[in-house]
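Below is one structure, written out as structure tokens; comments come after it.
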């Protein structure tokens with residue numbers, strides 16, 4: 001289903017414009033055919049998606065206060081999954097937020113993990129437009145080896161931030177990026193100052209910073225490595241019950257790339273409706289529990 005990736009020293013090939021329509025094959029069903037209900041996000045669902053990251057942080061704070069440090073990794077994992085899912089949907093405009101609300105959501109969601117939501121929006125929208133392409137900084141780890149992707153972790157987000165900052169076309173965007181870049185440094189300073197009385201601040205800060213180092217491996221290399229020359233084989237999809245639910249449907253990576261405007265909570269249903277089309281084109285989803 002896939003071909004070997006190009007050598008790291010070679011430029012990535014660009015997909016043929018005649019073979020794709022907005023990132024998917026020309027013969028792929030449109031959303032009107034698949035069902036317009038896939039684009040709907042209710043007010044309740046929007047509230048759940050946007051509140052989960054902050055609920056995870058609140059649970060971490062409660063666990064730290066109670067001294068339940070064994071729960072810290074589980075709650076930080078929950079925060080990561082919740083933030084990535086919510087930010088994904090905000091970036092693609094699938095939650096129905098206004099432009100102003102989207103700015104605030106990106107800023108607030110990024111703060112949960114001490115990251116830049118606006119840098120992510122700049123790099124991720126580029127990733128969807130161009131992958132695979134040399135000017136897709138987010139997609140770069142797809143061309144690395146497993147070990148290289150692991151080692152790339154500490155520099156991945158700083159490089160994406162610098163890429164976004166250099167391309168920011170107005171003072172407001174640069175200001176937002178600078179404010180977001182200050183967050184981890186402020187959190188580290190606060191964590192050191194509060195360590196004797198509130199150790200949870202430094203523990204949380206260290207865990208989310210180190211946790212972000214898995215992004216190039218988990219979110220780029222593993223889904224995309226070994227990509228082919230068609231949108232149908234440039235990424236993978238994992239199907240199952242437990243694992244997709246645990247990752248809040250982020251494992252439906254192929255479906256997301258084909259139809260990025262579909263919100264995360266509808267990806268399982270989108271996958272079900274695409275089964276026949278994918279099967280007819282030889283796409284075999286990876287089965288997990």
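Every read-out reported here was derived from the displayed coordinates using simple, explicitly stated rules and does not represent laboratory data. From a predicted model like this one, the values you see are computed outputs, not experimental measurements. Cβ placement follows ideal geometry from the backbone for every residue including glycine, while neighbour counts extend to all protein chains displayed.
Helix 117-130 axis versus longest C-alpha principal axis of the chain: approximately 10°, rounded to the nearest ten. Taking the helices alone, the chain has a mean residue ellipticity at 222 nm of -17500 deg cm²/dmol, built from -39,500 (n - 2.57) per DSSP H run of at least 4 residues and averaged over all its residues.
Suppose the chain between residue 151 and residue 129 were pulled fully straight at 0.36 nm per residue; how much longer would it get relative to their current alpha carbon spacing? List each step's numbers first, then the result.
Values: separation 22, 0.36 × 22 = 7.92 nm, distance 2.63 nm.
Residue separation times 0.36 nm, minus the Cα-Cα distance, leaves 5.3 nm.
Cα centroids of segment 177-205 and segment 65-116: 17 Å apart.
Among 170, 143, rank each residue by its count of other Cβ atoms within 10 Å, from fewest to most, as a rough exposure measure. Don't jump to the answer; show the numbers that get you there.
Working: 170 8, 143 23.
Fewest to most other Cβ atoms nearby, the residues stand as 170, 143.
Taking a quarter of the surface of the Cα convex hull of segment 132-251, what do you get in nm²? Mind showing how you got there, number by number?
Numbers: hull surface 40.7 nm².
That works out to 10.2 nm².
Springs between Cα atoms under 10 Å define the GNM used for the chain, and in it the highest mean-square fluctuation of 57, 220, 192 occurs at 192.
With everything on Cα atoms, drop me the angle between helix 267-280 and the longest principal axis of the chain, reported from 0 to 90° to the nearest 10. Taking Cα atoms only, the helix is inclined about 30 degrees. Between the helical axis of 153-167 and the longest alpha-carbon principal axis of the chain there is an angle of about 80 degrees.
Ordered by the number of other Cβ atoms lying within 10 Å of each residue's own Cβ, fewest first, 272, 174, 99 fall into the sequence 99, 272, 174. For segment 103-160, the square roots of the Cα gyration tensor eigenvalues, ordered a ≥ b ≥ c, give a/c of at least 1.5 with a/b no greater than b/c, which places it in the oblate category.
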